[in-house]
Structures are given as structure tokens and as C-alpha cells.
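The values are calculated or read from the model by the stated rules, or taken from the named source; none is laboratory data. Since the structure is predicted, the reported quantities are computational estimates derived from the model, not experimental observations. Glycine gets a Cβ as well: all are built from the backbone with ideal geometry, and neighbour counts include every protein chain shown.
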Amino acid sequence: MSITQEALKKAGLQYGYSRTRRHPSVKPFVEGNYNGVDFINLEKTETQLKDAISFLTSVNSAGKVILFIGVKPEIRQIVKEVALSLNAPYIAERFIGGTFTNFPQIKKRIEMLHDLLKKKETGELAVYTKKEQLLIQRDIDRLDRDFGGISSLTNTPDVIVMIDSRHEDMCVKEAKRLHIPVVALCSTDCTIEGIEYPIVGNDGSVASVRFVLEAIKSALQEQVA
């Protein structure tokens, strides 16, 4: 997949937010303000995206686990699709506090999900009444919603790819505490301080998010091919 300034512009990555919402840390990446809207320097975005992809391909080749996170309604399906195509874990519904810093407890919930799904598959739930089975199914649905995307995790991830570090502030804080590197698409309202591989660009548009994630997916899949 070709990563050029022209392609970035076509995907709309140059559009930031209003100057009043701008975080000081992204000022060096803003090339101008037109009609009240910050415009992002795509030359720098191109470099950041390529650097991030280089990092991700190196950790992927080492067999490390990359977790994809993006829970805003408009982009969660894209995050899920890309992660599934890479057989990677993902969080697309909501980030639960303690997912990293209290992983042993999260792991218990994942194990509960696995156990209930296995019992359902083998017919072991048939011994319960219809009402009890309905309640158990509700538990399965709730656990799958919250933990289904990370059900393959046996430990905390090695790297995180996220959309909108401002929206996922709790996740960023937990990652920092555990020294988990973060690659993040960040618009002009985000702080990029503490983000190891920030990609300053439009993080609210379906087209821009898809472009960044597809570029990452393409690079990681090429390693397998």
C-alpha cells in the first residue's frame, strides 16, 4: 500500500480541530489554520506513519502481540475488521479499567467466557432450565462483548495500536505504567506526550482511520506473504 502525502490528503488526514481545542504538544505538526480549523502538516504525518509501521513490523516479526483499540462508534467496526484479518486481539466496545494494570482479574473473566462457551458447545448447559439457560446466555453475551476481542490474551499485550489517545486516556495511562509502547492516531486535540509512536492526523473520520489501519494491516500481512 502506497503511503504518500497525496494519499494521506485524499483520506482527509490533514483536518484537525479548531485552534481553541489544540493541545500544545501538537503545535509543531500544525501548518496553518483556515476558517478556524487547524490543518496538519502531512509531510510530518507521512514520516510518523512510516516510522510507526517500521516499528510494528519489527515487533510483529519477533512474534510479539499487538493489541488494536478503538471504541468510538463510527470507527469500532474498522478496528475489529483489521484486527481479525491479522488474527490480533482488539478492544472495540469499551476499555475496562484495569485491563492492563489488573490483568489477573481480567484473565479470570476471559477464562469464565471460555468455560461457558465450551459448556454451551458440548451441551452441558442442557441440564439447566430454560430460564437458567437464558440467564447464562446473557452472561455469555456480556462477557463476549467486554472480553471477546481479547479472549486470546494470556498476558498483557506487547504493543498497542489505538485510535484517538484523548478518548482512550485511561488506556494510555495504564500502558505507561506497564511500559507498553503505544502507536496512536492523534488529532490536534490530543496530547502526544508519552506516546512512543504518535501519528498526528484526523482521528475522527472513517476514511482517515481506515487508511491508517489498512496501511498497517498491509505492511504486517506482507511479512507473512
For the stretch 29-64, name all the residues that are touching a Gly at 6+ places or on another chain (Cβ under 7 Å) and either of a type in the set (Ser, Thr, Tyr) or part of a helix (DSSP H, G or I) (or both). Thr45
From Phe103, Phe147, grab the single residue that is closer than 29 Å to Ser58 by Cβ and within 16 Å of the chain's Cα centre (by Cα). Phe147
Tell me yes or no: at least one residue of the stretch 205-225 is in a loop (DSSP other than H, G, I, E, B), within 20 Å of Arg166 (Cβ to Cβ) and within 13 Å of the chain's Cα centre (by Cα). no
Identity of the residue in the stretch 145-189, free of Cβ contacts under 8 Å to residues at least 40 places away in the same chain and touching a helix residue (DSSP H, G or I) at 6+ places or on another chain (Cβ under 6 Å), that ends up surrounded by the most Cβ atoms within 10 Å (Cβ to Cβ): Leu185
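Can you tell me how many residues within the stretch 10-26 are in a loop (DSSP other than H, G, I, E, B) and either more than 9 Å from Gly201 (Cβ to Cβ) or among the hydroxyl-bearing types (Ser, Thr, Tyr) (or both)?
Of the residues in the stretch 10-26, 2 are in a loop (DSSP other than H, G, I, E, B) and either more than 9 Å from Gly201 (Cβ to Cβ) or among the hydroxyl-bearing types (Ser, Thr, Tyr) (or both).
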Within the stretch 20-40, residues without any contact (Cβ under 8 Å) to a residue 60 or more places away in the chain and surrounded by 13 or more Cβ atoms within 10 Å (Cβ to Cβ) come out as Glu31, Asn33, Val37, Phe39
Yes or no: Val37 in the same structural domain as Lys217 (by TED's automatic domain parsing), modelled with pLDDT of 95 or more, over 20 Å from the mean Cα position of the chain (by Cα) and more than 30 Å from Asp144 (Cα to Cα)? no
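Which ones in the stretch 49-72 are surrounded by fewer than 20 Cβ atoms within 10 Å (Cβ to Cβ) and not charged (D, E, K, R)?
Going residue by residue through the stretch 49-72, those that are surrounded by fewer than 20 Cβ atoms within 10 Å (Cβ to Cβ) are 50-51, 54-55, 57-59, 61-65, 71-72.
Across the stretch 49-72, the qualifying residues are Ser54, Phe55, Thr57, Ser58, Val59, Ser61, Ala62, Gly63, Val65, Val71.
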